[in-house]
Every structure is written in structure tokens, then in C-alpha cells.
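No lab work stands behind these numbers, since they all come straight from the coordinates. All figures in this text were calculated on a predicted structure; none of them were measured in a lab. So basically every Cβ, Gly included, is an ideal-geometry build from the backbone, and we count neighbours across all protein chains shown.
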Amino acid sequence: MPKVMLAFPEGKHKVLTLSYDDGRAADRKLVDILNQYGIKGTFHINSGLLGVGDRISQEEIIELYDGHEVSAHTVTHPTIARSPKEQLVEEIVDDRKGLERIVEYPVRGLSYPNGSFNRLIKEVLPYLGIEYGRTVHSTGDFSMPDDFFEWNPTCHHNKNLMKLAEDFINLQKKQYLYMMYVWGHSYEFDNDQNWELIESFCQFVGNRNDIWYATNIEIVDYMKAFQNLKFSADSQFVYNPSVLSVWLSIDGNIVNVPGGSQVALI
């Protein structure tokens, strides 16, 4: 029986993703930096607050976040663990509806406003069309999440970012999959006057051929595509019913399993 392991696209074993909340004006500068270095981010937006104060307006969203992911953050940013379930449902579903009318694709992710969530919220989210929920509990490590509805990031950008980036770049053991997940609010770079931090980070980790640069939902979709693969009982061949291609390491050799195809593994 061959030794089969999941790989990231093109056989890579590291993925980088960023996640920023609230849709504030500083997103413009942040997106420009990410684009310069080939890095993708997910931007969690409150549809009921668009254009309020320095928040990005509805008219700007499509062009600004092109190539990145627009994700839910509730309509009005309540502390949802303290909300009745009726308001919880309304806040999330209406946020999806508002954002989807703008971006014209299904909004399937969420970052918990004020970091607030509980077991009930996690159980309800799949019924609301949400496929992941990001917390604010930084782990300081590069592990893949076991529960996408309690998706803990590696770090906030103000917590040992460059040291963690160096550790991430130096990870070479291909028997593991590694994820670096950075979160924050773009306006914090204005408040802290430290834009050079994220610029240095992106310059250091960006445009590398051994890292997959992905949005949050791209990671979720890819992992689900792997889980949906149909292997023969002896792992001699595999059928991929998904649209996405999935890359596998077969006895150390990288094999691409295109969507809708069956591939021999030996």
C-alpha cells in the first residue's frame, strides 16, 4: 500500500493567510501592500456599518478587495455570545445578504465580533451557511485547525510577528503541513504608527515558491476537497468528485488529482 499524504497546491507544505476585521479606511493601504508581495487576505466586514466614519463604502468594496475574500463580521458588531439566538441569526444572515449583494458570490466565513462565541453559536453557524469562524485566541504555532468553527490564528500582528515569520520560513520537515495565520485590524497600524512592521513582514514572507498564499475560505475549500476524495480500499487509485484539484504526496512523489478525475497512485 502506498504512503499517501495531503499536500497543498503544487506540492507545497506551508500556507500563509491573513485576516483583518471591520473594513476600515486603512484597509486600502494594507491591501496595496499585500498585493505587492502576492499575499492574500480575508476581510471581515459589518454590512450595516459600511461608509460610517472611516469605514469602506459599499461602492469601493468590489475593486478594493479583488483577489481577496470578503467575509462576514455581523451587521452591527454585537457581542454575540450575549445576544438572543433570534438576533444572532439575524446579525449573521443579514450580514451575508448585504455583503453578497455587493460582491456577488456566497459569503461563507465569519470572524467573531469582539472575539465572542460559544458552543451554541458554533453549532448554529452551519445552518446559516457559515463554514468557519475565526477567534482572537492566538496559538503562537503553525498547526492546522481541528475545528474550523473555532479557528485560532497564529498571532496578532503586534505579537512576535517577525520572529514567528522567521520560524515559519525555516520550517522544512515535509511530513507536516504548516499554516501561519495573522490577524488584526488595519487601523491599528495607523494608531501604533508601525506600518513598517507589516511591510517588512510581507516583504520577508511574500513571493516565495514554497508557500501557498490563500484566503481563509480557500483553505477551508481545499481541506474539504481532500476529505471528499474517494480512495480505493488499497489506496491504489483515487477519484476526486470535487471541482478543485488536490495534490497528494505518494511515497514522497507529488501527484495532482484534478477535479472530476480518477488517478492511479502507483
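A simple rule links phi to the HN-Hα coupling: the Karplus curve 6.51 cos²θ - 1.76 cosθ + 1.60 with θ = phi - 60°, which for segment 108-113 gives 10, x, 8, 10, 5, x Hz, with x for Gly and Pro. The chain has equivalent-ellipsoid semi-axes of 32, 23, 16 Å, by the square roots of 5 times the alpha carbon gyration tensor eigenvalues, sorted largest first. Most simply put, segment 13-224 has about 5% antiparallel DSSP beta bridges, counting only bridges with both residues inside it.
Could you work out the Rg to Rh ratio of segment 87-225, with Rh taken as the Kirkwood radius (inverse of the mean 1/r over all Cα pairs)? That ratio is 0.98, to two decimals.
Taking 0.36 nm per residue of separation and subtracting the current Cα-Cα distance, fully stretching the chain between GLU86 and GLN236 would add 49.0 nm. Multiplying the residue separation of VAL103 and VAL263 by 0.36 nm and subtracting their alpha-carbon distance yields 54.0 nm. Taking amide H atoms as placed 1.01 Å from N in the peptide plane, the amide H of LYS14 lies under 5 Å from those of TYR178, TRP212, each 5 or more residues away in sequence or on another chain. Taken over segment 13-224, lysine pairs spaced eight or more positions apart, or on distinct chains, with alpha carbons under 25 Å apart number 25. In a Gaussian network model over the chain where Cα atoms closer than 10 Å are linked, find which of ARG55, ARG208, ARG119 has the largest mean-square fluctuation. In the Gaussian network model the winner is ARG119.
The H on the amide N of TYR132, modeled in the peptide plane, is under 5 Å from the matching H of LEU110, each at least 5 residues off or on a different chain. Between ARG208 and MET162, the distance separating the two model label sites (each 7 Å from Cα on the Cα→Cβ line) works out to 1.6 nm.
Residue exposure proxy: THR42, THR215, THR139, ordered by other Cβ atoms within 10 angstrom of their Cβ from fewest to most, comes out as THR139, THR215, THR42. Where the alpha-carbon atoms of segment 106-172 are placed on the principal axes, they occupy 40, 25, 22 Å, in descending order. In percent, rounded to a whole number, the relative contact order of the chain is 27, using alpha-carbon pairs under 8 Å and six or more apart.
Computed on the Cα atoms alone, the convex hull of segment 152-247 gives a volume of 130 cubic angstrom per residue. Legend: ranking of residues HIS137, HIS13 from fewest to most surrounding C-beta atoms inside 10 Å; resulting order HIS137, HIS13. Couplings 3J(HN,Hα) of segment 138-147, computed from phi: 6, 9, x, 10, 10, 7, 6, x, 7, 9 Hz, in residue order, whole Hz [Karplus 6.51 cos²θ - 1.76 cosθ + 1.60, θ = phi - 60°; x for Gly and Pro]. Between the Cα long axis of helix 195-205 and the first principal axis of the chain there is an angle of about 10°, rounded to the nearest 10.
Rounded to the nearest 500, the 222 nm mean residue ellipticity of the chain from helices alone is -8500 deg cm²/dmol, with -39,500 (n - 2.57) taken per DSSP H run of at least 4 residues. Backbone amide hydrogens, once placed in the peptide plane, bring GLY23 within less than 5 Å of HIS44, excluding anything fewer than 5 places away on its chain. Once the Cα atoms are used to define both axes, helix 85-103 deviates from the longest principal axis of the chain by about 80 degrees.
Residue-wise HN-Hα couplings along segment 259-264, as the Karplus relation 6.51 cos²θ - 1.76 cosθ + 1.60 with θ = phi - 60° gives them from phi, are x, x, 10, 10, 10, 6 Hz; Gly and Pro carry x. Inter-part distance, segment 237-266 to segment 57-85, computed on C-alpha centroids, equals 35 Å. Could you give me D for segment 50-92, from Stokes-Einstein at 4 °C and 1.567 mPa s, where the hydrodynamic radius is the Kirkwood radius over C-alpha pairs? Units µm² s⁻¹, please. For the chosen part, D equals 107 µm²/s.
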